Amino acid sequence: MTYFLQQLINGLQLGFVYALIALGYTMVYGIVRLINFAHGDVFMVGAYLGFFALASWGLPFPLAIVVAMVGCAALGVFIERVAYKPLRNAPRISALITAMGVSLFIENFTNLNFVFGPTPRAFPRPFAVRTFGLGGVEITNVQLIVFGVAILLMVGLSLFVGRTRTGRAMRAVSQDRDTARLMGINVDTVISITFGIGSALAGAGGVLYGIAYPQIQPMMGIMPGLKAFVAAVLGGIGIIPGAMLGSLIMGVVETFTSAYVSSTLRDAVAFGILILVLLVRPTGLLGKSHSDKV
Amino acid sequence: MRTDGARRRPEPGTIAVIVAVGGFVLLQALMWLGVLNPYWQQVLNLAGITLISALGLNLIYGYTGQFSLGHAAFYGVGAYASALLTRSLGPGAGTLLLGIVAGAALAALVAFLIGLPILRLRSDYLAIATLGFGIIMKVLLDNSDAVIPMMGGSSGMSGIARLTTFPWVFAFGLAAVLVMRNLVFSSVGRALVSVREDELAAEAVGIDTTRYKTLGFVIGCGYAGVAGALYAHLYAYLNPFSFDFLKSIDVLLVVVLGGLGSISGTLVAAIAWTFLLEGLRVALPASVQDWRMVIYPLVMIVFMLFRPGGIFARTEFGFLKPRARRGKE
Amino acid sequence: MSALLDVTGLLMRFGGLVAVRDFALQVDEHELVGLIGPNGAGKTTVFNAITGMYRPTAGSIRFRGREIAGLKPHRVYQLGVARTFQNIRLFRELTVLDNVRVADHHRGEAGVLHSVLRTPKFRNEERRLADRARELLAVMGLEQRESEYARNLPYGEQRRLEIARALVSDPKLLLLDEPAAGMNPYEVGQLMELIQFVRERFRLTVLLIEHQMRVVMGVCQRVLVMEFGEKIAEGRPEEIRANPKVIEAYLGTSEG
Ligand SMILES: Nc1ncnc2c1ncn2[C@@H]1O[C@H](COP(=O)(O)OP(=O)(O)O)[C@@H](O)[C@H]1O
Ligand SMILES: [Mg+2]
């Protein structure tokens, strides 16, 4: 039982990191119907920005998160403007292929020696790791920080989307872009803001990932990125609470698979879930179904 | 009157065969004369294998409109299946042929089983499902030694006979092109394209779209199986790493560069791209080798932004068209 | 004699929205029936239910005595019900000829193997498909256009091509969804003549949707009027014109 609870906590830690990535996926998909494959790489860049902020510039941890968020927001907006915006009216698969191209480009470009380089780097811990015992179950201050920061950001996002003018505009654009435009919403700006916010969250996720699993390298975003996307689909793509729920489930399932079955099979289980969800309930756990109009 | 005239004109297919046989003799001569050294022979073989695999993906995506990101998984199925067969039965031309057939058949069978449920999904959902399938297949290959020790799991499968030679690749490459041409320019081919163009309208004119989506997918994956079998016996060593997601993107890139729905495009792009990548490997100094992997996605992005139809944009070389159409083209 | 098409108690619900309710429709062999009603009345939804695009929430659809509700669209087509779409749906990147002959594909027997091996059976069949398609193109006045991509045709020709495509496999029942949309009165007149002509020539039964009332009045033997998902009137054109419910339904709409 303690082992089970221990794995649950570990799973939630992973799930919260996924959630920060999945939110960007789901927001972008909700608004431009694009699987932004490069999103996992933005997450990776966030981890590196955190690394430099801590290790090279000696910034305190909260500031490192801010640096990563701002840097990733800028990167996300830049990618959208240069690579995706020109394809907004092209077939969806063209944009998807472009997104894969952008993803590969970021990975291989940062893999060059004069950028980040292929050698993995140890992520600095800005504080000593402390362990708290809780009835046989152990929880570290790192885990508490991951939970705390992730929850804080998600609450902030919910408030932003629910309460502000910009948040309302985002929801309007995701429901019907043309009508939103007619109502005087600047659709381009809203799309850029969406990419910016989503990327900022992924950046924060990168830093949290860095302190939780302290080794980073340019290809580190691929698998978490894909799995976060799976989580977004699981929860119901385009739905913000769905992305959070799906991510926590994914994190826990993956950790349990490693703990109870085999760690080599955990990727297979994650994507097995994906295929199952797509077949049984493509709208996800929290999505509503609807039929296509002819 | 029209039919009589058409019958006497040489079939463009005949021209294609003449061109092909000429090309074969020329290339073989170059090899014997030592102009094409073993390294470039290997590259040429690889180009042919890429062509076969890419034709399959073009049938699935370019003609039938079903976007698949799992093509490499079927390539892997063909490779491993054929390698197991030739290792069990012993090397030889007969077993290679059997291996190729078995590889293609197994890839097609797996495609059929996975395709039936997932081909119901649309565009990007299908993409992500096939991607997921590819990753699952990679994990299974990584753990294959638990079931079949000979497959070697993540450390790879070795001891495969080097049976793939240029004539084999050429013969199968040529067959792949001709079969594809005959298929595409037929009523069945038009049914496939109608699914790509408008699935609902296709249903509305009597096309069983589920059936044709599955057909295109199964044949296309069968092509991947043939390519995989030839690949296995070209390098004599298989590693699950060669069949991951990146490999699927590789093939996709060839199809997109050449042109969706164009056999000629895939033909040119498969050969040009393989030689370009290998050429750069030889031409570039070691210090900038890594740049190849940077240029490659850039080419992909630039094409999508500026020439989404690819080089050939749904046109064909004359000799790949079945027969000049009546009236003005 | 039982009706060629017999729809009874049709109910079509989308979530909370009832698009069609308690709808009944009988069409006899060789009739030309009009289905009219304001936008959003549920006319296209009726077509979609008949052709298998939607599965009815409830109700029965019999074609030549056989229940077809819930069949896949391609099955319904193969049984002899062809349609056109309100918003033209051609295969844009196929040629005009290919657009038509692909709609006859299901009657062919040469499958993959014959195609790949180019057997005589395949050749004969290809010839037959092409000849049949050209016949239809000639009827629709499109024989000069056969090598053109469908997307390059002007609007009016696209409408005619869609009809040619719907006719190529000898359907019994033809469903036309607002074929006159976007045409000027002269073109509409021509189109109606064409519809009459093919109906005679191919011994067709035609069900025609139109939301402008006057278009159907001249050609149809019988007219049904829908509003808010329900049939509000049915009868000969002159009866419909005088029906107070219909007048009310069309009141305030410019098309009336
Ligand atoms: N797939 C669908 N999902 C939800 N609502 C639909 C769907 N198809 C049609 N409707 C609704 O049904 C009603 C009738 O539509 P329709 O049959 O297209 O009207 P008409 O053809 O008479 O103009 C409309 O309110 C439309 O929005
Ligand atoms: Mg309508």
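The values are calculated or read from the model by the stated rules, or taken from the named source; none is laboratory data. Just so it is clear, the structure is predicted and the values come from calculations on it, not from any experiment. All Cβ positions, even for glycine, are placed from backbone atoms using ideal geometry, and neighbour counts span all protein chains on display. Just so you know, the surface numbers come from the protein's heavy atoms only, side chains and all, with ligands and any DNA or RNA stripped out. Shrake-Rupley method; radii C 1.70, N 1.55, O 1.52, S 1.80 Å.
Give C:59, C:80, C:65 a once-over and let me know the one that is more than 16 Å from ligand 2 (Cβ to nearest atom), within 14 Å of chain B (Cβ to nearest Cβ) and not hydrophobic (A, V, I, L, M, F, W, C).
On the way: C:59 fails: within 14 Å of chain B (Cβ to nearest Cβ); C:65 fails: within 14 Å of chain B (Cβ to nearest Cβ).
Only one candidate qualifies: C:80.
May I ask you to verify whether residue C:10 is within 15 Å of ligand 1 (Cβ to nearest atom) and in contact (Cβ under 8 Å) with a residue 24 or more places away in the chain?
In short, yes.
I'd like to check something: does the range B:121-128 contain any residue that is under 23 Å from the mean Cα position of the chain (by Cα), crowded, with 24+ Cβ neighbours inside 10 Å and not in a helix (DSSP H, G or I)?
No, there is no match, as no residue in the range B:121-128 is under 23 Å from the mean Cα position of the chain (by Cα), crowded, with 24+ Cβ neighbours inside 10 Å and not in a helix (DSSP H, G or I).
Given the range B:146-216, what helices (runs of 4 or more DSSP H) lie entirely inside it while holding 2 or more residues that are closer than 30 Å to residue C:70 by Cβ?
B:187-197, B:199-204
Could you tell me whether residue B:82 is of a type in the set (Ser, Thr, Tyr) and surrounded by fewer than 22 Cβ atoms within 10 Å (Cβ to Cβ)?
Spelling it out, it is not the case that residue B:82 is of a type in the set (Ser, Thr, Tyr) and surrounded by fewer than 22 Cβ atoms within 10 Å (Cβ to Cβ).
What helices (runs of 4 or more DSSP H) lie completely within the range C:146-249 and have 2 or more residues being farther than 21 Å from residue C:41 by Cα?
Numbers: elements: C:155-167, C:185-201, C:213-217, C:237-242.
Output list reads C:155-167, C:185-201.
Which residues, counting only those in the range C:173-203, are at pLDDT 95 or above and away from ligand 2 (no atom under 16 Å from the Cβ)?
Correct list: C:173, C:174.
Are there any pairs with C-beta distances below 7 angstrom linking a residue in the range C:204-230 that is within 14 Å of chain A (Cβ to nearest Cβ) to a residue that is aromatic (Phe, Trp, Tyr) and within 14 Å of ligand 1 (Cβ to nearest atom), with the two at least 6 apart or on different chains, and if so which?
Short answer, once both residue conditions are applied: C:209/C:47.
Considering every residue within the range C:88-98, establish whether at least one is more than 7 Å from chain B (Cβ to nearest Cβ) and either touching a Gly at 6+ places or on another chain (Cβ under 8 Å) or small (Gly, Ala, Ser) (or both).
Checked against the condition, which is being more than 7 Å from chain B (Cβ to nearest Cβ) and either touching a Gly at 6+ places or on another chain (Cβ under 8 Å) or small (Gly, Ala, Ser) (or both), the range C:88-98 yields no hits at all.
Is it true that residue A:286 is open to solvent by 10 Å² or more (accessible area, probe 1.4 Å), modelled with pLDDT under 90, away from ligand 2 (no atom under 16 Å from the Cβ) and at the interface with chain B (Cβ under 10 Å from one of its Cβ atoms)? Full working, then the answer.
Values: open to solvent by 10 Å² or more (accessible area, probe 1.4 Å): yes; modelled with pLDDT under 90: yes; away from ligand 2 (no atom under 16 Å from the Cβ): yes; at the interface with chain B (Cβ under 10 Å from one of its Cβ atoms): no.
Taking the combined requirement at face value, the residue does not satisfy it.
If you go through the range B:140-150, how many residues are more than 9 Å from chain A (Cβ to nearest Cβ) and surrounded by 18 or more Cβ atoms within 10 Å (Cβ to Cβ)?
Within the range B:140-150, residues that are more than 9 Å from chain A (Cβ to nearest Cβ) and surrounded by 18 or more Cβ atoms within 10 Å (Cβ to Cβ) number 2.
Could you pull out the residue among C:156, C:141 that is away from ligand 1 (no atom under 16 Å from the Cβ), surrounded by fewer than 17 Cβ atoms within 10 Å (Cβ to Cβ) and within 17 Å of residue C:85 (Cα to Cα)?
From the options C:156, C:141, the qualifying one is C:156.
Out of the range B:114-139, which residues are more than 7 Å from every other protein chain (Cβ to nearest Cβ) and without any contact (Cβ under 8 Å) to a residue 12 or more places away in the chain?
Answer for the range B:114-139, where residues must be more than 7 Å from every other protein chain (Cβ to nearest Cβ) and without any contact (Cβ under 8 Å) to a residue 12 or more places away in the chain: just B:122.
Restricting to the range C:56-76, give me the number of residues that are buried (at least 24 other Cβ atoms within 10 Å of the Cβ) and within 16 Å of ligand 1 (Cβ to nearest atom).
The number of residues fulfilling the criteria is 2.
Which of the residues spanning the range C:214-231 are more than 23 Å from residue C:179 (Cβ to Cβ) and of a type outside the set (D, E, K, R)?
Result: C:228, single match.
If the Cβ limit is 9 Å and pairs must be 6+ apart or interchain, which residue in the range C:159-187 that is more than 14 Å from chain B (Cβ to nearest Cβ) and open to solvent by 10 Å² or more (accessible area, probe 1.4 Å) pairs with which residue that is among the small types (Gly, Ala, Ser) and more than 16 Å from ligand 2 (Cβ to nearest atom)?
Hits for this filter: C:160/C:141; C:182/C:156; C:183/C:156; C:187/C:156.
I'd like the full set of residues that are away from chain B (no Cβ under 14 Å), closer than 30 Å to residue A:77 by Cα and aliphatic (A, V, I, L, M), limited to the range A:102-141.
If the condition is that a residue be away from chain B (no Cβ under 14 Å), closer than 30 Å to residue A:77 by Cα and aliphatic (A, V, I, L, M), then A:122 is the only one that fits.
Pick from the range C:238-256 the residues that are under 17 Å from residue C:210 (Cα atoms) and open to solvent by less than 60 Å² (accessible area, probe 1.4 Å): which of them is modelled with the lowest pLDDT?
Within the range C:238-256, the match that is modelled with the lowest pLDDT is C:256.
Please determine whether any residue of the range C:154-167 is among the basic types (Lys, Arg) and farther than 27 Å from residue B:315 by Cα.
Among the residues of the range C:154-167, not one is among the basic types (Lys, Arg) and farther than 27 Å from residue B:315 by Cα, which makes the answer no.
Kindly indicate which of A:92, A:81 is within 12 Å of chain B (Cβ to nearest Cβ) and either crowded, with 21+ Cβ neighbours inside 10 Å or among the basic types (Lys, Arg) (or both). Write out each step before concluding.
Working: A:81 fails: within 12 Å of chain B (Cβ to nearest Cβ).
After ruling out the rest, the residue left standing is A:92.
Count, please, the residues in the range C:6-55 that happen to be away from every other protein chain (no Cβ under 12 Å), open to solvent by less than 20 Å² (accessible area, probe 1.4 Å), assigned to a loop (DSSP other than H, G, I, E, B) and more than 16 Å from ligand 2 (Cβ to nearest atom).
Qualifying residue count, the range C:6-55: 0.
Would you check which residues across the range C:116-133 are open to solvent by 40 Å² or more (accessible area, probe 1.4 Å) and under 24 Å from the mean Cα position of the chain (by Cα) and list them?
Listed by number, the list holds a single entry, C:131.
Does at least one position in the range C:122-136 carry a residue that is assigned to a loop (DSSP other than H, G, I, E, B) and under 22 Å from residue B:211 (Cβ atoms)?
No, that holds for no residue.
Residue C:136 versus (1) within 12 Å of chain B (Cβ to nearest Cβ); (2) crowded, with 23+ Cβ neighbours inside 10 Å: which is the lone unmet condition?
Here residue C:136 clears every test but (1).
Are any of the residues in the range A:124-135 open to solvent by 50 Å² or more (accessible area, probe 1.4 Å) and closer than 30 Å to residue A:31 by Cα?
no
Can you tell me which residue in the range A:210-240 is nearest to the other protein chains (Cβ to nearest Cβ), limited to those that are open to solvent by 50 Å² or more (accessible area, probe 1.4 Å) and within 26 Å of residue A:62 (Cβ to Cβ)?
Among them, the one singled out is A:217.
Please identify the pairs in which a residue from the range A:265-281 that is more than 7 Å from chain B (Cβ to nearest Cβ) has its Cβ atom under 9 Å from the Cβ atom of a residue that is open to solvent by 50 Å² or more (accessible area, probe 1.4 Å) and modelled with pLDDT under 85, counting only partners at least 6 apart or on another chain.
A:281/A:289
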